[in-house]
Each structure stands twice: as C-alpha cells, then as structure tokens.
Amino acid sequence: MPDRSNVIYRSDGSFDGLLCCVFESFARRELPAAILTVAEEQCSLLPVREIPTDPQKAARVRASIPVKLGSAAGRLIESAFLYGGEGRELAILELMRAGYRLGPRVVSMLDLPEVQTVFSMRRAVENEAHHLTGFVRFSEIRGALVSVIAPRHFVLPLLAEHFCGRFCEERLLLYDRTHRAALFYQPYAAQIREMESFEPAAPDQEELRFRRMWEDYFHATAIVARANPACQMGHMPKRFWAHLTEMQPRTDFRLSSEKALLK
C-alpha cells in the first residue's frame, strides 16, 4: 500500500463517485488523507483534488469487484456505503485496496483495521434497519400508509425490501427526514427518490381512533410496578421515540361528535 498522500479527494457523494476515487487512487499510486463530498465543508491546509464522476471509470471498478474481491466483499461495500457517519468513503477505499492485494479472503481477515472498520459500519447500518422494521408507525392518510423517520444511516434501501414485501398490496410513502429522500411504493413497483421536505396531512377521525386504540393497548399491557426505563431505552432507543405513536404525550383522541355529546 502506498504511503498516505498529503491530498484530499472530493467527489459528488454518489457510489459511482466513490468508485472513481478508487480508480484515481490506483492510477496516481496514492492514498488520500481523506475523501470529502461536495456537501461537506472542511477547513484544511491540504490541497483538495476534485474527482469528477466518470461513468466509464466507475463501471471498470464496479466490474472488478466480484472478480478481484468476491461477491461477499461487494455486498459488504454496498451496505457500508449506506453508513451516515464520517470517514465512510476512505474506509471503503482502504478495504478495496486491501482486497485487490489479498483477494476474496480479505472479508474473513477481521484482524485488519480496514476490514474491522467497514464491518462496523455495515453492522451499524443493519442494526438501525432492524430496529426500524419494528419501530416504524404508519398512518393511513388519503388511502396510503405514510410514515416519517429520522435515521442516522441511509436505510431506506434495506427497509424497502421489508415493508414492500409485508404490505405488497398497499400504497406506501416512507419519508427519511435526515437524508431528504422517500420510498414510494404501489403494487408492485417501488422507487426511492430525493424529496427536499415532507409533512404528512392531518389525520382524519378514523386514523385518530386507531391511534387511540394503539396507545390504550400500549399502556394497558404495561406493568407499572415493573417499570424499568433504562431497560426500555436499551430495547427501544430514545432517538426513535419522536416518531412512535405510543411514546407521545397522551392526548385526547375522542371524535368531535363524542365531545359534543359530553357537553
């Protein structure tokens, strides 16, 4: 592996952009100090090299992955690219450089720091996706099931397979507020698109009734004497609570007609 160079790569943030960074790293025989995206602003004394996204270069690197690194490494790289923290691109570049040197066995060499890092990224992505398969709360609004989430990682591609399979006859809209993207599904077609902002329409009376029933069920099954907030947050991390119906302050969901009868 070449010594780390005193240069920073900057790409457009796409997967093809990352593959072009891999191409340039080999072509120039250098390992950048960091890889930034155009959306990231960072002050540095190091020079920044702009890496344009070239579909032909990206295709060459993409085609080499199953041949040189193996299909398992390809799946690992794709999952790790969904990671929402810093250092994603450089970690994947370092793994790929190790893979081109060592071959498909690289994914089993967990003692290598570059492999450990990418495995940790994939684990974080898959853990969050697993949590959200149970924590997403859909509301029926205008004939569609609608929900909003705010994940740390871009887990919509993983959630799409789960929810589109589970609700295959429904229409879905799952909006990711963090990454400003949405999953749209109607039988039997799904797509993920950029979406700058989204606010669900106000729920109707029938939706409010179902929310109240779910809230009542949640509180009725709780054993107050055995309440353990620390354990609860371990199984249901608090960062998800903002979008969980049952974790909101109890509100009066009675229908307007029911309220009128009580006057």
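The values are calculated or read from the model by the stated rules, or taken from the named source; none is laboratory data. It should be emphasised that the depicted structure is a prediction, and the values quoted were computed from it without experimental measurement. No Cβ is skipped: glycine too gets one built from the backbone with ideal geometry, and neighbour counts run over all protein chains shown.
Quick rundown of the values:
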quantity	calculated
Near pairs, Cβ below 6 angstrom, 6+ apart or cross-chain, from the range 52-70 (at positive phi) to any residue that is surrounded by 14 or more Cβ atoms within 10 Å (Cβ to Cβ)	Gly70/Pro104
Residue that is in contact (Cβ under 8 Å) with a residue 24 or more places away in the chain, touching a strand residue (DSSP E or B) at 6+ places or on another chain (Cβ under 7 Å) and either under 20 Å from Pro157 (Cβ atoms) or not hydrophobic (A, V, I, L, M, F, W, C) (or both), where the choices are Ser25, Ser79, Ser14	Ser25
Residue, farthest from Met247 (Cα to Cα), within the range 119-137, restricted to residues that are touching a Ser or Thr at 6+ places or on another chain (Cβ under 9 Å) and not charged (D, E, K, R)	Met121
Filter pass, Tyr188 being over 30 Å from Gln232 (Cα atoms), aromatic (Phe, Trp, Tyr) and either surrounded by fewer than 16 Cβ atoms within 10 Å (Cβ to Cβ) or touching a His at 6+ places or on another chain (Cβ under 9 Å) (or both)	yes
Test: residue in the range 89-99 that is surrounded by fewer than 16 Cβ atoms within 10 Å (Cβ to Cβ) and either modelled with pLDDT under 95 or more than 22 Å from Met233 (Cβ to Cβ) (or both)	no
Residue in the range 114-121 that is modelled with pLDDT of 95 or more, surrounded by 15 or more Cβ atoms within 10 Å (Cβ to Cβ), not acidic (Asp, Glu) and not in a helix (DSSP H, G or I) present	no
Strands (runs of 3 or more DSSP E) contained entirely in the range 6-95, each with at least 2 residues that are hydroxyl-bearing (Ser, Thr, Tyr)	8-11
Any chance Arg166 is at positive phi, surrounded by fewer than 13 Cβ atoms within 10 Å (Cβ to Cβ) and either among the charged types (D, E, K, R) or over 13 Å from the mean Cα position of the chain (by Cα) (or both)	no
Count of the range 11-42 residues which are among the hydrophobic types (A, V, I, L, M, F, W, C), within 23 Å of Arg193 (Cα to Cα) and surrounded by fewer than 19 Cβ atoms within 10 Å (Cβ to Cβ)	3
Count of residues meeting criterion [assigned to a helix (DSSP H, G or I) and more than 21 Å from Glu140 (Cβ to Cβ)] in the range 241-251	1
Residues of the range 199-213 that turn out to be closer than 25 Å to Asp176 by Cβ and either in contact with a Lys or Arg (Cβ under 8 Å, 6 or more places away or on another chain) or surrounded by fewer than 11 Cβ atoms within 10 Å (Cβ to Cβ) (or both), as a count	4
